[in-house]
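The values are calculated or read from the model by the stated rules, or taken from the named source; none is laboratory data. Owing to the predicted nature of the structure, the values given are computational and were not obtained by experimental measurement. Reconstructed Cβ throughout: ideal geometry from the backbone, glycine too, with neighbour counts over all protein chains shown. In case anyone asks, the SASA skips ligands and DNA or RNA and just uses the protein heavy atoms, side chains included. Shrake-Rupley method; radii C 1.70, N 1.55, O 1.52, S 1.80 Å.
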Amino acid sequence: MSKITPVLLAGGAGSRLWPVSRDQLPKQFQPLVGPYSTYQQTLKRVSSPALYRDPVVITNEDFRFFARRQAEDVGVDVLVALEPARRDSAAAMAAAAVIAEKRSPGGLVLALAADHVVLDDNLFSEAVRLGCKAALEGHLVVFGLTPSEPRTSYGYINPGAVFGDDDDLRLVEAFVEKPNAEKAVAYLEKGYLWNSGNFLFRSDVMIAELRAYAPEILDAVTASVEKGETDLGFLRFDKESFEASPKNSIDYAVIEKTRKIAVVRGHFPWSDIGSWDAIWEVSEKDDFGNAIEGEGLALNSEGCLIHSSGLMTTVVGAKDLVVVATKDAVLVAPKSRAQEVKGLVDRLKTTGRAAVTELHSRAYRPWGYVEEMLTGERFGVKRLLIDPGARTSVQRHMNRSEHWVVVRGTATVIIGENETVLTENESLYVPVGTFHRIANQGRIPLELVEVRTGAYIGEDDIERIEDDYRRL
């Protein structure tokens, strides 16, 4: 059997996990369960060279450097492909098939959601190996899980006749998307499975099924990939062609219609962690059912989730409560109403508070990150971390001056026509309107504190004249 090409779909958002997941950095890139993000967990899951080729990651422009950085952090080489617009999962799946077909005609593709949690990688690999039997014979293979309750937020699969000699691999009698509560109960009684949202297929078969059921999507995406260009190591799809694709999910566009479909009954613990109650379900808990991530404490409480980044967060005498604290926002909700967080985010956006749903206090850049520490009238304090070998653009600001203090590492600084080397505890002043650049030529991360002062200190007060990352 030839190796499988894993394709991670990593371009979505996750507003039900606000305030941690935000537009600027959604849930797949966050360490919500354990020390690694779900994106990194997924990469590690498909990193065996005996079974898999190097993964392809499909994401969008905003996450490109972050997707590559997180892959490097877990030692996985990836090709990052960039969608110029959001067209839902059918277009992403079409791109996965087209890219994989160019790499290895008729080869196997494992398309994975980058925001899911799988708690047993060995059982997952067993399910993939079993599914290869049907995929190689021309079936689109889905992975089903035995339901624990009649959820209406999942698709359901009706397994039919056994395929081959393993009872866990079957043809599919019916595939239905997100039923109402009454139908969900009936499906459980009939032995339906939850759809995990992951797919295994031969690239040529998926292309043929898209041709049969969603030709407009396939044509647009194929043209976009063919006209795509490599930019700083990223594969950038052609914008005009990609935007011509209709918006649709792969479930509605193909999976509900095709007759070439099989299902593997998976035995691996799984969650799409679509809401905070789902995070609680897959998290480690104390003797009272409390799950705590970060700085938190539960006293005389049971069944609670505390997720805190930086703030000591406590609950007393609580039951089945979700408490999530970040540097700039706090969420408190009954666990049973965790699905309503999406509505809360929508409300925040309509009341002039969109920034708190979009921006993190830490903003990632191609060269490292900037973290907001304190902001007041006419001043702001930030922490900058610049990776070894990286540097900022040559830039200037017309409304603010900047003061830099090196906390760790060595900075090579250009201010105007002068170049200076700063070490720990040394500082420099950058006057308004002066071109400047910071470079880290050392072997350890460079950490600085930046103080901005002036009439306007917003991020959009920037003029670049030279940039390694083509952001001019």
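Cβ-Cβ under 8 Å, sequence separation 6+ or interchain: first residue in segment 162-181 and closer than 16 Å to residue 251 by Cβ, partner modelled with pLDDT of 85 or more and among the acidic types (Asp, Glu). Which pairs?
These pairs meet every condition: 175/251; 175/256; 176/256; 177/251; 177/256.
Can you name the residue in segment 20-54 that is among the hydroxyl-bearing types (Ser, Thr, Tyr) and surrounded by 20 or more Cβ atoms within 10 Å (Cβ to Cβ) and is also modelled with the lowest pLDDT among such residues? Quick ask: steps written out before the conclusion?
Residues of segment 20-54 that are among the hydroxyl-bearing types (Ser, Thr, Tyr), as a first pass: 21, 36-39, 42, 47-48, 52.
Now narrow it down to the ones that are surrounded by 20 or more Cβ atoms within 10 Å (Cβ to Cβ): 21, 37-39, 42.
Values: 21: 90, 37: 94, 38: 94, 39: 96, 42: 97.
Of everything passing the filter in segment 20-54, 21 is modelled with the lowest pLDDT.
Working only within segment 418-472, note down all residues that are open to solvent by 50 Å² or more (accessible area, probe 1.4 Å) and of a type in the set (D, E, K, R).
Scanning segment 418-472 gives 419, 424, 426, 443, 459, 460, 463, 464, 466, 468, 470, 471.
For segment 22-47, which positions are of a type outside the set (A, V, I, L, M, F, W, C) and free of Cβ contacts under 8 Å to residues at least 40 places away in the same chain? Working first, answer last.
Let us first name the residues in segment 22-47 that are of a type outside the set (A, V, I, L, M, F, W, C), namely 22-24, 26-28, 30-31, 34-42, 44-45, 47.
30, 31, 34, 35, 36, 37, 40, 47 - these are the residues of segment 22-47 that are of a type outside the set (A, V, I, L, M, F, W, C) and free of Cβ contacts under 8 Å to residues at least 40 places away in the same chain.
Here are some residues: 249, 224. Which one is in the same structural domain as residue 138 (by the TED database) and at pLDDT below 95? Before the answer, list the steps.
Values: 224 fails: at pLDDT below 95.
Of the residues listed, the single one that is in the same structural domain as residue 138 (by the TED database) and at pLDDT below 95 is 249.
Only one of these is touching a Ser or Thr at 6+ places or on another chain (Cβ under 7 Å), farther than 23 Å from residue 369 by Cα and assigned to a loop (DSSP other than H, G, I, E, B): 2, 47. Name it.
Details: 47 fails: touching a Ser or Thr at 6+ places or on another chain (Cβ under 7 Å).
Just a single option satisfies the conditions, and that option is 2.
How do the pairs read when you match residues in segment 311-329 that are assigned to a strand (DSSP E or B) with residues anywhere that are open to solvent by 60 Å² or more (accessible area, probe 1.4 Å) and at pLDDT 95 or above, using Cβ under 6 Å and keeping only pairs 6 or more apart or on different chains?
314/297; 316/299; 319/302; 323/332
Considering only residues that are open to solvent by 20 Å² or more (accessible area, probe 1.4 Å) and either of a type outside the set (A, V, I, L, M, F, W, C) or at pLDDT 95 or above (or both), which ones fall in segment 61-73?
61, 62, 64, 68, 69, 72, 73
Suppose we filter 173, 226, 256, 149 for residues that are open to solvent by 70 Å² or more (accessible area, probe 1.4 Å) and within 30 Å of residue 470 (Cβ to Cβ); which single one remains? Can you show your working first?
Working: 173 fails: within 30 Å of residue 470 (Cβ to Cβ); 256 fails: within 30 Å of residue 470 (Cβ to Cβ); 149 fails: within 30 Å of residue 470 (Cβ to Cβ).
Answer to the selection: 226.
Could you go through segment 186-207 and let me know if any residue there is touching a residue at least 24 places away in the same chain (Cβ under 8 Å), more than 27 Å from residue 126 (Cβ to Cβ) and surrounded by 14 or more Cβ atoms within 10 Å (Cβ to Cβ).
In the first step, residues of segment 186-207 are kept if they are touching a residue at least 24 places away in the same chain (Cβ under 8 Å); the result is 187-188, 190-207.
Of the ones still in play, those that are also more than 27 Å from residue 126 (Cβ to Cβ) are 207.
Going one step further and asking which of them are surrounded by 14 or more Cβ atoms within 10 Å (Cβ to Cβ), we end up with 207.
Checked against the condition, which is being touching a residue at least 24 places away in the same chain (Cβ under 8 Å), more than 27 Å from residue 126 (Cβ to Cβ) and surrounded by 14 or more Cβ atoms within 10 Å (Cβ to Cβ), segment 186-207 yields at least one hit.
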